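Down below is the structure, laid out as structure tokens.
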Amino acid sequence: MLQLIKRFEWTWAGLLIDDDAYGHNAAQIFQSELDQSHSVCLAYVEVLPWDNDPAELQRIVTLMKKSTARVVIAFVYGIRAVKLMEEVRQFWEHTFQCKFAPLPSEWADAGGGVCTGQEDLGTAESTLLDVSELRLLYYLEKINFTTSSGDRVYFDENGDSYQISDIINWAWIPDGSAKVQNLGVVKKDASAGVQLILDEDRIFWNLESTKPPRSVCSESCSPGTRVARRKGEPVCCFDCIACSEGEISNKTDSTECTSCPEDFWSSPQRDHCVPKNLEFLSYHEALGISLTAISLLGTLMCAIVLGIFIYHRDTPMVRANNSELSFQLLLSLKLCFLCPLLFIGRPRLWTCQLRHAAFGISFVLCVSCILVKTMVVLAVFKASKPGGADIMKWFGAMQQRGTVLALTFIQAMICTAWLVSASPTPHKNTQYHSDKIVYECDVGSTVGFAVLLGYIGLLALLSFILAFMARNLPGTFNEAKLITFSMLIFCAVWIAFIPAYVSSPGKYADVVEVFAILASSFGILVALFGPKCYIIILKPERNTKKSIMGRGVTKT
């Protein structure tokens, strides 16, 4: 029976037994075998009444109807088996929607025997029952022979023969009669164990599908799910629970889900792990393309302004605005506009190390030029006052270049110390999203980054204060007003940058920093050089010494 159950993959069955020693012993042995195999569960175990009580049979059939088990194993024998099938046939036909042929009459005769029910084996006289002389017994244990069908017969140490059982099928044929056909045998011997030989093609399944019925308490859990046992129910009854995100099961009826490795995530079906998506500010996405285009546009504008200033370097407008510092400022602004390109693309060690160093040095160079320009404006105004002629010797060309280089050198030392002590490195961050890896540059030392920004802010604030003090100088020196406005934009952008940068996750922190770089660079470029280019290109009549000195314009 177990061999057949396993052959057809039935894991959920009902058990009917006779209310006698045969039935109870069979049930005990069968259930013991099931417990050892761990592959089949019993939906119910019912004891058939000896008197074939119709009400009790009805109760059993009702139970069978409600049960999800589609296979019933019955241990009954003799005439009782025939009568039982006659009694329950009508219930089975109604319940399982199948038809049964009338039982062959010879079955009843074969099962009836010759017994009257009054016999007593203790008083019966027969040579088969005479156990007074057992000296044949030793030799019987050694007997083995082969039958005409080719089967070997021998006995074990208990005197039991190894079984050879036929598998028969009760088939209903269209003319309304039934026939019994042999489908195979079950052999058991000491060497090969239990062997099931079955011709499945000849089996008659009395069902609409003409295929073996499927009998399971719960369908198998597919990959991507796990088995969740139902409390208080047999192990064959369970629910299938989908694996959680980041976990998978890749085989049927998995008892647990396994977590994917750190750099992997579960597929939508939860049946295999896939590499996590890498997220960074890429040149291939719209945001990266836009920022790259704006960065290159700013660089181009700086080049154009520089070209304009070089072409008109001998005009009063260019000469009056300290042309050397203006050229240095435009070159530093070009570097500032190019810095965002280091923030776009997959982070690498050299880009992580270079991006903040290049950004910090470029902006210090830029702000230093503005600071020196502001100091020169104030010095020129002081020199125009009585007794101030000697002040300009401190603001000659060499002193201006030296001041810019010294201030930039300090920032270079800050960047060097930062890179040596705690260098920025690429970092795979999984804190923001569990299903993706945010590839970013870890700043390494927050203190180093803060000092770098703080130094830029200090120079910008100093430039703003000096320019603000000089804002009301005569029109001849209106450069101070432009510097004040440019530094106001610069400081506003970077003050807003700090909270936005801290609160932005992943690649958006890079976006915020790039935006701050571009916004402050455009602010300086437009505020300082926009009015000058306007006069040089569109109002050349005002690009004269008289206009710049304030004597060629009528004031109202």
Next on the checklist: Please go through segment 240-278 and give me each residue that is buried (at least 19 other Cβ atoms within 10 Å of the Cβ) and assigned to a strand (DSSP E or B), ordered by number.
Outcome noted: 248, 265, 266, 273
Checklist entry - Within segment 411-424, can one find any residue that is modelled with pLDDT under 90, touching a strand residue (DSSP E or B) at 6+ places or on another chain (Cβ under 6 Å) and either polar (S, T, N, Q) or buried (at least 17 other Cβ atoms within 10 Å of the Cβ) (or both)? => result yes
Checklist entry - Which of the residues belonging to segment 493-548 are within 42 Å of the chain's Cα centre (by Cα), surrounded by 14 or more Cβ atoms within 10 Å (Cβ to Cβ) and outside any helix (DSSP H, G or I)? => result 504, 506
Checklist entry - List the pairs whose first member sits in segment 8-19 and is buried (at least 20 other Cβ atoms within 10 Å of the Cβ), whose second member is among the small types (Gly, Ala, Ser) and assigned to a strand (DSSP E or B), and whose Cβ atoms are under 6 Å apart, counting only residues at least 6 apart or on separate chains? => result 12/43; 14/43; 16/74
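Would you be able to tell me the number of residues in segment 204-255 that are among the charged types (D, E, K, R), without any contact (Cβ under 8 Å) to a residue 60 or more places away in the chain and touching a Cys at 6+ places or on another chain (Cβ under 9 Å)?
Start the filter on segment 204-255 by keeping residues that are among the charged types (D, E, K, R), which leaves 208, 211, 214, 219, 226, 229-231, 233, 239, 245, 247, 251, 253.
Okay, now just the ones that are also without any contact (Cβ under 8 Å) to a residue 60 or more places away in the chain, so 211, 219, 226, 229-231, 233, 239, 247, 251, 253.
Now restrict to residues that are touching a Cys at 6+ places or on another chain (Cβ under 9 Å): 219, 226, 229-230, 233, 239, 247, 253.
Total satisfying the criteria: 8.
Only one of these is modelled with pLDDT of 70 or more and touching a Leu at 6+ places or on another chain (Cβ under 7 Å): 2, 48. Name it.
When all the criteria are applied, what remains is 48.
Filter segment 180-199 for residues that are without any contact (Cβ under 8 Å) to a residue 12 or more places away in the chain and either in contact with a strand residue (DSSP E or B) (Cβ under 6 Å, 6 or more places away or on another chain) or within 19 Å of residue 8 (Cβ to Cβ) (or both) and give the result.
Start the filter on segment 180-199 by keeping residues that are without any contact (Cβ under 8 Å) to a residue 12 or more places away in the chain, which leaves 191-193, 195.
Once the filter is applied, which keeps residues that are without any contact (Cβ under 8 Å) to a residue 12 or more places away in the chain and either in contact with a strand residue (DSSP E or B) (Cβ under 6 Å, 6 or more places away or on another chain) or within 19 Å of residue 8 (Cβ to Cβ) (or both), segment 180-199 yields only 195.
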Next on the checklist: Looking only at segment 159-211, filter to residues that are hydrophobic (A, V, I, L, M, F, W, C) and part of a loop (DSSP other than H, G, I, E, B); which one of those is modelled with the highest pLDDT?
Outcome noted: 203
Next on the checklist: On the basis of being over 27 Å from residue 306 (Cα atoms), assigned to a helix (DSSP H, G or I) and at pLDDT 90 or above, does residue 451 make the cut?
Outcome noted: yes
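Scan 240, 221, 273, 236 and give me the residue that is closer than 30 Å to residue 505 by Cβ and either touching a Ser or Thr at 6+ places or on another chain (Cβ under 7 Å) or outside the structural domain of residue 340 (by TED's automatic domain parsing) (or both). Don't jump to the end; show me each part of the working.
Numbers: 240 fails: closer than 30 Å to residue 505 by Cβ; 221 fails: closer than 30 Å to residue 505 by Cβ; 236 fails: closer than 30 Å to residue 505 by Cβ.
Step by step, each of 240, 221, 273, 236 is checked, and only 273 is closer than 30 Å to residue 505 by Cβ and either touching a Ser or Thr at 6+ places or on another chain (Cβ under 7 Å) or outside the structural domain of residue 340 (by TED's automatic domain parsing) (or both).
Conditions (1) within 25 Å of residue 201 (Cα to Cα); (2) at pLDDT 60 or above; (3) part of a loop (DSSP other than H, G, I, E, B); (4) over 58 Å from the mean Cα position of the chain (by Cα), marked per residue:
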| residue | (1), (2), (3), (4) |
| --- | --- |
| 25 | no, yes, no, no |
| 34 | no, yes, no, no |
| 42 | no, yes, no, no |
| 59 | no, yes, no, no |
| 65 | no, yes, no, no |
| 68 | no, yes, yes, no |
| 92 | yes, no, no, no |
| 116 | no, no, yes, yes |
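The values are calculated or read from the model by the stated rules, or taken from the named source; none is laboratory data. Treat the numbers as computed from the prediction; the structure is a model and nothing was measured. Quick reminder, even Gly has a Cβ in these numbers, built from the backbone with ideal geometry, and neighbours come from all protein chains shown.
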